[in-house]
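K.L.:
Could you have a look at this structure, given as structure tokens, before my questions?
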Amino acid sequence: MSDTEISFQSGDVTLYGSLRLAASPDSPAPAALILAGSGPTDRNGDSALLEGDIGTLRFIADLLENQGISSLRYDKLGSGETALGDYEIEDIADLGFNTFVDAASDGLDYLAGQPGVDPERLFVVGHSDGAVVALALATAKEGTRVSALALLEPLSVRLLDLLTTQIHRQLDAVVGAGQLPVELADELRVALADAVESLRTEGTVPDDLPEPLQNAGLVHANAKALAEEDALDPVALVTALPAGMPVLTSCSDKDIQVIPSDVAALDAALSHTALTSVRMRNANFVLKDIGEEQSTGADYVAPLPYSAEFSEPFTAWVRSFSK
């Protein structure tokens, strides 16, 4: 297979992506929709915030190709060739997280209509926040379109709970290093709690949030998206998946963005599915093998091999239901 540049429509947005089709259009086979995580992350898994090649989603497409599986990955709104479409930057605050779910749903429909794709055997691979989008698709009223799910380094708790945990850890670190007085850290913790409460009850953020919290994304432009995504509890969503559905989750001890105990709780809620739980020791958040080193984030764009700890069980999982 080779990538074919495609586009499809979702509402007012034209999304651009890469389609790989299996070689035998006369023999319908499973196909996968591959979904990127948060921020300006494009169809390949590269981010406008990091200079260099990450390539995680392209790597997933390669693994699927090796199993004869067609795939579609695309630049979501705000990334890659899709960019902002016809929107202005000030319009983004009005769109919200459901815009990304709707786009994924339209992408799944586009994939289902391709030659050689069996619309009864579509599965979705979501990385990070893309896992929440995947769960939203699989549990929607049209969720029967999704026959299997791979949740890679998934957001496993409500978004604002994870953000709170991450910010508390950062505050603990800078206080422990003597870089921030305890009193100021406590003020930030109180302001963070107020912001979370405001988002969950009113869908807004306070006007007077301290700058460090604004730098963490707690701004008016993100409020609708934050509130809509936070309303999707991954643990509650997975309980609504059909019994026996093939599901894969992955996480790593070296991941600095996903907490393994959170993924373990997600796994517990997936006990009614046909679950494959991939636990890695030396992979980072973007599934690169960093060996005995600790991840710092800079390793995301380092020229490192992708993790065999992931690729081998993932390939076996795909093979188990696609042949």
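The values are calculated or read from the model by the stated rules, or taken from the named source; none is laboratory data. None of these values were measured; they are calculated from a predicted model. Cβ: placed from backbone, ideal geometry, glycine included. Neighbour counts: every protein chain shown. We work out accessible area using only protein heavy atoms, side chains counted, and drop any ligands, DNA or RNA first. Shrake-Rupley method; radii C 1.70, N 1.55, O 1.52, S 1.80 Å.
K.L.:
Just going by the charge dipole of the chain, with Lys and Arg at +1 and Asp and Glu at -1 on Cβ, which of S271, L188, N284 is farthest out on the positive end?
P.N.:
Of S271, L188, N284, it is S271.
K.L.:
Which residue, Q179, G45, L149, has the largest displacement toward the positive end of the dipole of the chain when charges sit on each Cβ (Lys, Arg +1; Asp, Glu -1)?
P.N.:
Projecting each Cα onto the dipole axis, the largest value belongs to L149.
K.L.:
Shape call for the range 86-175 from the C-alpha gyration tensor, a ≥ b ≥ c root eigenvalues: rounded (a/c under 1.5), prolate (a/b greater than b/c) or oblate? List each step's numbers first, then the result.
P.N.:
Values: a/c = 3.05, a/b = 1.68, b/c = 1.81.
Oblate is the answer for the range 86-175, as a/c is 1.5 or above yet b/c matches or exceeds a/b.
K.L.:
Holding the Cα-Cα limit at 31 Å, pick out from K254/K323; K76/K254; K76/K141; K288/K323 the pairs that are longer than that. If you can, show how the numbers build up before the last one.
P.N.:
Values: K254/K323 33 Å; K76/K254 27 Å; K76/K141 23 Å; K288/K323 28 Å.
In this structure, K254/K323 lie more than 31 Å apart at Cα.
K.L.:
Which value results when the Cα radius of gyration for the range 149-241 is divided by 2.2 N^0.38 Å? Working shown, then result.
P.N.:
Values: Rg = 14.7 Å, N = 93, 2.2 N^0.38 = 12.3 Å.
Rg over 2.2 N^0.38 Å, computed on Cα atoms: 1.20.
K.L.:
How much of the accessible area of the chain, in percent, comes from carbon and sulfur atoms when a 1.4 Å probe is used? Before the final figure, lay out each step's value.
P.N.:
On the way: 7290 of 14080 Å².
C and S fraction of accessible area: 52 percent.
K.L.:
What whole number of Å gives the distance from the Cα centroid of the range 212-283 to the Cα centroid of the range 72-122?
P.N.:
Going from one Cα centre to the other spans 21 Å.
K.L.:
What is the Cα coordinate range of the range 58-115 on the first, second and third principal axes, sorted by size from largest, in whole angstrom?
P.N.:
Over the range 58-115, Cα extents along the principal axes are 43, 22, 17 Å.
K.L.:
Okay, helix-only estimate at 222 nm for the chain: each DSSP H run of n ≥ 4 adds -39500 (n - 2.57), divide by all residues, round to 500 deg cm²/dmol; what do you get? Can you show the working numbers first?
P.N.:
On the way: 10 runs with 123 residues, N = 323.
About -12000 deg cm²/dmol.
K.L.:
What are the ³J(HN,Hα) couplings of the range 175-184, residue after residue, when phi is run through the Karplus curve with 6.51, -1.76, 1.60 and θ = phi - 60°? Round to Hz, x for glycine and proline.
P.N.:
After applying 6.51 cos²θ - 1.76 cosθ + 1.60, I find 5, x, 8, x, 9, 8, x, 4, 4, 5 Hz.
K.L.:
Counting other Cβ atoms within 10 Å, keep those with at most 12, restrict to DSSP loop, and tell me which trypsin sites (Lys or Arg not before Pro) in the range 211-309 are left.
P.N.:
Values: sites: K224, K254, R279, R281, K288; in loops: K254, R281.
Sites meeting the loop and neighbour criteria: R281.
K.L.:
Could you give the length gained on full extension between D109 and S277, defined as 0.36 nm per residue of separation minus the Cα-Cα distance, in nm?
P.N.:
On the way: separation 168, 0.36 × 168 = 60.48 nm, distance 2.81 nm.
Between D109 and S277, full extension yields 57.7 nm more.
K.L.:
For Y306, list long-range residues whose amide hydrogen, built 1.01 Å from N in the peptide plane, is under 5 Å from its own amide hydrogen.
P.N.:
D289
K.L.:
Considering amide H positions built from the backbone, and no H for Pro or chain starts, which residues 5 or more places from T276, or on another chain, come under 5 Å of its amide H?
P.N.:
V247, L248, T249
K.L.:
Can I ask one more? Taking square-rooted eigenvalues a ≥ b ≥ c of the alpha carbon gyration tensor, is the range 1-63 rounded, prolate or oblate, where a/c under 1.5 means rounded and, failing that, a/b exceeding b/c means prolate?
P.N.:
oblate
K.L.:
Right, next: Might you tell me the accessible area per residue for the chain, computed with a 1.4 Å probe and given in Å²?
P.N.:
Numbers: 14080 Å² over 323 residues.
Result: 44 Å² of accessible area for each residue.
K.L.:
Counting alpha carbon pairs within less than 8 Å and at least 6 residues apart, what relative contact order, in whole percent, applies to the range 112-207?
P.N.:
On the way: 84 pairs, mean separation 18.7, N = 96.
The normalised contact order for the range 112-207 reaches 20 percent.
K.L.:
Over the Cα atoms of the range 1-153, how large are the radius of gyration and the largest Cα-Cα distance (Dmax), in Å?
P.N.:
Rg and Dmax of the range 1-153, Cα atoms, are 14.5, 47 Å.
K.L.:
In debye, nearest 20: dipole of the chain around its Cα centre with unit charges on the Cβ of K, R (+) and D, E (-)?
P.N.:
Details: 19 positive and 50 negative charges, 294 e Å.
The calculated dipole for the chain is roughly 1420 debye.
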